[in-house]
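Beneath this line is the structure, given in structure tokens, with notes to follow.
The values are calculated or read from the model by the stated rules, or taken from the named source; none is laboratory data. Note that the structure is predicted; figures quoted are calculated from it, not measured. All Cβ positions, even for glycine, are placed from backbone atoms using ideal geometry, and neighbour counts span all protein chains on display. Side chains are part of the model used for accessible areas, which takes the heavy atoms of the whole protein and leaves out ligands, DNA and RNA. Shrake-Rupley method; radii C 1.70, N 1.55, O 1.52, S 1.80 Å.
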Amino acid sequence: MTTITVYTFDGGRLCGFEAAGHAGAKRIRGYDLVCCAVSALTQTGVNALCSVAGVEPRVEVKDGYLSCFLPEGMDEQTQERAQIVLRTIMTGLTDIQKIYPSLIRIQQKEWRQADAYDESSALRS
């Protein structure tokens, strides 16, 4: 199962997400498609944050894992563009979850300073 954790702050504004895990066994028809769809949405979203919103997010990628968090200190206009991109990603992921609820789970967490990216820590599992 792929778990998407969406982080929010400041009254529901999105500040980032983590996608972890694989959708299912490759031996079952259709499951690879779900993994590919999640990967395509999340990676395209990261690229759109850069090219469309003009934001350089903090990104971490490894097998079965992608995290993307907005930088601090963005002006209001840039923040709004970033919100459009992040909400678009979440809309697509929610649509996939509706079709394949046993393969993708989306959860929401309030951002806390303790969640902040620590460059000295090891990669998350």
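General remarks:
- Within segment 63-93, the set of residues being without any contact (Cβ under 8 Å) to a residue 40 or more places away in the chain, open to solvent by 90 Å² or more (accessible area, probe 1.4 Å), assigned to a helix (DSSP H, G or I) and among the charged types (D, E, K, R) comprises just one member, E76.
- Number of residues in segment 94-114 that are under 13 Å from the mean Cα position of the chain (by Cα) and open to solvent by 20 Å² or more (accessible area, probe 1.4 Å) equals 6.
- Meets criteria (open to solvent by 30 Å² or more (accessible area, probe 1.4 Å) and either within 22 Å of W111 (Cα to Cα) or touching a Gly at 6+ places or on another chain (Cβ under 9 Å) (or both)) for D10: yes
- Residue match in segment 39-50 (condition: modelled with pLDDT under 95, touching a Gly at 6+ places or on another chain (Cβ under 7 Å) and among the hydroxyl-bearing types (S, T, Y)): no
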